[in-house]
2 protein chains.
Amino acid sequence: MKLFFAGASPFARKVMAVAYETGVANRLTLVPTTVTPVAKDKLIAPYNPAGKIPTLVTEAGEAIYDSRVICEYLDVLAGGGRMFPTGEGRWKALVLQSLCDEALDSCLAARYETMLRPENLRWQDWINGHMGKVRQALDTLENDWVPYLNSNVNIGTITACSLLGYLDLRFPDEDWRSARPAIAVWHKAYSQRPAMAKTVPVV
Amino acid sequence: MKLFFAGASPFARKVMAVAYETGVANRLTLVPTTVTPVAKDKLIAPYNPAGKIPTLVTEAGEAIYDSRVICEYLDVLAGGGRMFPTGEGRWKALVLQSLCDEALDSCLAARYETMLRPENLRWQDWINGHMGKVRQALDTLENDWVPYLNSNVNIGTITACSLLGYLDLRFPDEDWRSARPAIAVWHKAYSQRPAMAKTVPVV
């Protein structure tokens, strides 16, 4: 299978972490790509009209996207029910994934505003609104999710670790740890898992 | 159950359409709300730190989000496997949902740029990039998905109908039909389904 990929993408990291956790990483051929909302990659568009990474192309030539669908596809390929719980446990794992995916989307919105958009067209309210959502998500993780994080390994915890790792990579001044000691401890421990250690984001 | 909701939201429409298709709509109490990326609704934030609609609160008081997770939750509540196929059929339904969700996200990005952002800070390349992705998604639907659309009813087809309905509501000048006659015919027929007719977006 072919995976369109970027080493700094937190969504591609989710996919690779699931691949390592479930033992299917050796079946993926990585195709490095660079995309932004205003610069599409021509290789991806025939498979995924949004032109986004990660996009997977199966051995049968079928396109699978976005990251949520690829992660579940790999989990099922490996037998199912490992990173995507079935039964009542499914909803908390998927809600945690959504919580962290939404925070990542806000990180990207704030980052595009400062890195991609011409300086004279930037809107501070936009950055503040999105970074406010990121901080609210982090506070929610600290206040409500620590027992869950400490006792589960699934698509939710992988996404939480990808979010915190992305903040370290792209928002080093955010200092997310100082007011949130419990998730800082969790993140340090969880990052030791081979699936996370092998997928530390790189620019 | 309580659903934070807006009558114009295509993501809330997906949830309501799944609720009607699976027969659980009468278990939902709708709470109308208005949110934008820079103006949060204080009612939603305790349940969902992204402050977005749709957000569901179950009878047990658990928050379920985002729209994808709510839709699957309602499908399972109704017995499962109806709007979310199991087995090999699952991936095409989920990829079609992603294709149309991504196009909707690009619609919203373009709309926020023109409706929310101060006029002197707007960036035409941003609008062009996102509307280019929307058009590519529509062309992909026209070229690759018409046989699938014509022979399935699931979360993918519901999302496709929500996307096209949203274009009619918010981008009436886009004239998406003229170069895409096959999905125009499909949309007209599919919109007659009670689940779609009862959820036509309103401002």
Q: Write out, first by first residue and then by second, each pair whose Cβ atoms fall under 8 Å of each other, whose residues are 6+ apart or on separate chains, and whose first residue, in region A:86-99, is of a type in the set (S, T, Y) while the second is assigned to a helix (DSSP H, G or I).
A: A:S98/B:R68; A:S98/B:V69
Q | Residue that is farthest from the chain's Cα centre (by Cα), among those in region B:93-136 that are open to solvent by 60 Å² or more (accessible area, probe 1.4 Å) and within 13 Å of B:L167 (Cα to Cα) | A | B:R135
Q) What are the pairs, 6+ residues apart or on separate chains, where a residue within region A:189-203 that is without any contact (Cβ under 8 Å) to a residue 24 or more places away in the chain has its Cβ under 9 Å from a residue that is assigned to a helix (DSSP H, G or I)? A) A:A189/A:N150
Q) Can you tell me which residues in region A:62-119 are of a type in the set (V, I, T) and within 13 Å of A:I155 (Cβ to Cβ)? A) A:V69, A:I70, A:V76, A:T86, A:V95
(Q) Can you say whether B:G81 is more than 8 Å from chain A (Cβ to nearest Cβ), in a loop (DSSP other than H, G, I, E, B) and either in contact with a helix residue (DSSP H, G or I) (Cβ under 9 Å, 6 or more places away or on another chain) or modelled with pLDDT of 95 or more (or both), as far as the supplied structure shows? (A) yes
Q: Working only within region B:150-180, note down all residues that are surrounded by fewer than 20 Cβ atoms within 10 Å (Cβ to Cβ), in a helix (DSSP H, G or I) and without any contact (Cβ under 8 Å) to a residue 60 or more places away in the chain.
A: B:N150, B:D168, B:P172, B:D173, B:E174
Q: Quickly run through region B:106-136 and pick out the residues that are within 8 Å of another protein chain (Cβ to nearest Cβ), assigned to a helix (DSSP H, G or I) and not polar (S, T, N, Q).
A: B:A109, B:L121, B:D125, B:W126, B:G129, B:H130, B:G132, B:K133
Q. Pairs, please: C-beta under 8 Å, at least 6 apart or cross-chain, first residue closer than 14 Å to B:P54 by Cβ and modelled with pLDDT of 95 or more and in region B:12-31, second in a helix (DSSP H, G or I) and among the acidic types (D, E)?
A. B:V18/B:D75
Q. Can you pull out the residues in region A:21-61 that are loosely packed, with under 15 Cβ neighbours inside 10 Å, charged (D, E, K, R) and within 14 Å of another protein chain (Cβ to nearest Cβ)?
A. A:K42, A:E59
Q.
Criterion first (over 13 Å from the mean Cα position of the chain (by Cα) and either part of a loop (DSSP other than H, G, I, E, B) or among the hydroxyl-bearing types (S, T, Y) (or both)) does B:A19 satisfy it?
A. no
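Based on what the data block shows, is B:T140 among the hydroxyl-bearing types (S, T, Y), within 13 Å of chain A (Cβ to nearest Cβ) and surrounded by fewer than 23 Cβ atoms within 10 Å (Cβ to Cβ)? Write out each step before concluding.
Values: among the hydroxyl-bearing types (S, T, Y): yes; within 13 Å of chain A (Cβ to nearest Cβ): yes; surrounded by fewer than 23 Cβ atoms within 10 Å (Cβ to Cβ): yes.
For B:T140, the condition - among the hydroxyl-bearing types (S, T, Y), within 13 Å of chain A (Cβ to nearest Cβ) and surrounded by fewer than 23 Cβ atoms within 10 Å (Cβ to Cβ) - is met.
The values are calculated or read from the model by the stated rules, or taken from the named source; none is laboratory data. All values reported here derive from a predicted model rather than from experimental measurement. Positions of Cβ are backbone-derived with ideal geometry, glycine not excepted, and every protein chain shown enters the neighbour counts. What goes into the accessible areas is simple: the full protein's heavy atoms, side chains included, and nothing from ligands, DNA or RNA. Shrake-Rupley method; radii C 1.70, N 1.55, O 1.52, S 1.80 Å.
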